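First the structure, in the form of structure tokens, and then the observations on it.
Rule-based calculations on the coordinates, nothing more; no lab input. Treat the numbers as computed from the prediction; the structure is a model and nothing was measured. With ideal geometry, Cβ positions are generated from the backbone for all residues, glycine too; neighbour counts draw on all protein chains shown.
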Amino acid sequence: MALIDIARYAVAAVLLGLLTWASVSDIKDRKIPNTCVLAVLGLFVVSAAIERGSTLVSALEAGGIAFAVTFALYYFNVIGAGDCKLFAAVALFAGLNGMLLFTLATVFAGGGIAAVSLATRPRRALVMYTLKGKGDFGRGIPYGVAIAIGGVVTVWAQLQHYPMPSFTSL
């Protein structure tokens, strides 16, 4: 295995650790620490240096698009600020080529988490249905976990050189 591949796997392992930290914090406190997001950004700088900037433009475009979309979702109280920041930071690793996979993996993971949450608390699900989604339903879904799953799936797929679905192929 080449030294650059070892470095890529090391970055992926550290990213996995950081995303685990974000997930545990989101489950426990419903907050994603800013220090965790900053660590992900710092790790991206290391990754960009390893790649010698070859993917930098694509990564910055993906991060900018992700931040713009998630900021709008935050503005309308759909997601939290930590989710917004974490999604944009992890999108840097996905780049434009991996953005569709990252988004879909995150959405499907979030849907799975929501389905399990509702299935394990049927009384809460009945109240939500009766009130047609209006009202305070407690702590909600820790979407940082879904973002972490989406990020890990995408980075792993890139490391394994799996073909990436793209927006142009839809």
Worksheet, complete the sentence: Asserting the computed 222 nm helical MRE of the chain (DSSP H runs at least 4 long, -39500 (n - 2.57) per run, divided by residue count, to nearest 500) equals -26500 deg cm²/dmol
Item to complete: Quote the convex hull volume per residue of the chain, based on C-alpha atoms, as a whole number of Å³.
Response: 126 Å³
Worksheet item: If a helix is a whole DSSP H run, which ones in the chain reach 18 Å or further along their own axis (Cα) and hold a mean Kyte-Doolittle hydropathy of at least -0.5?
Response: 3-29, 34-50, 56-75, 81-120, 143-159
Worksheet item: In region 1-81, which trypsin sites (Lys or Arg not before Pro) are in a loop and have at most 14 other Cβ atoms within 10 Å, using DSSP for the loop call?
Response: Arg52
Practice prompt. Name the residue, out of Leu104, Leu118, Leu41, whose mean-square fluctuation peaks in a Gaussian network model built on the chain with Cα pairs under 10 Å.
Written response: Leu118
Worksheet item: For the chain, what is the relative contact order in percent, using Cα pairs closer than 8 Å and at least 6 residues apart in sequence?
Response: 28 percent
Worksheet, complete the sentence: Quick P(r) readout (region 57-104; Cα-Cα; 10 Å bins; whole %) gives 34, 52, 14, 0
Worksheet item: What does the convex hull of the Cα atoms of region 27-93 come to per residue, in Å³, rounded to a whole number?
Response: 68 Å³
Discussion item. Relative contact order of region 1-74, please, whole-number percent, based on alpha carbon pairs below 8 angstrom and at least 6 residues apart.
Written reply: 28 percent
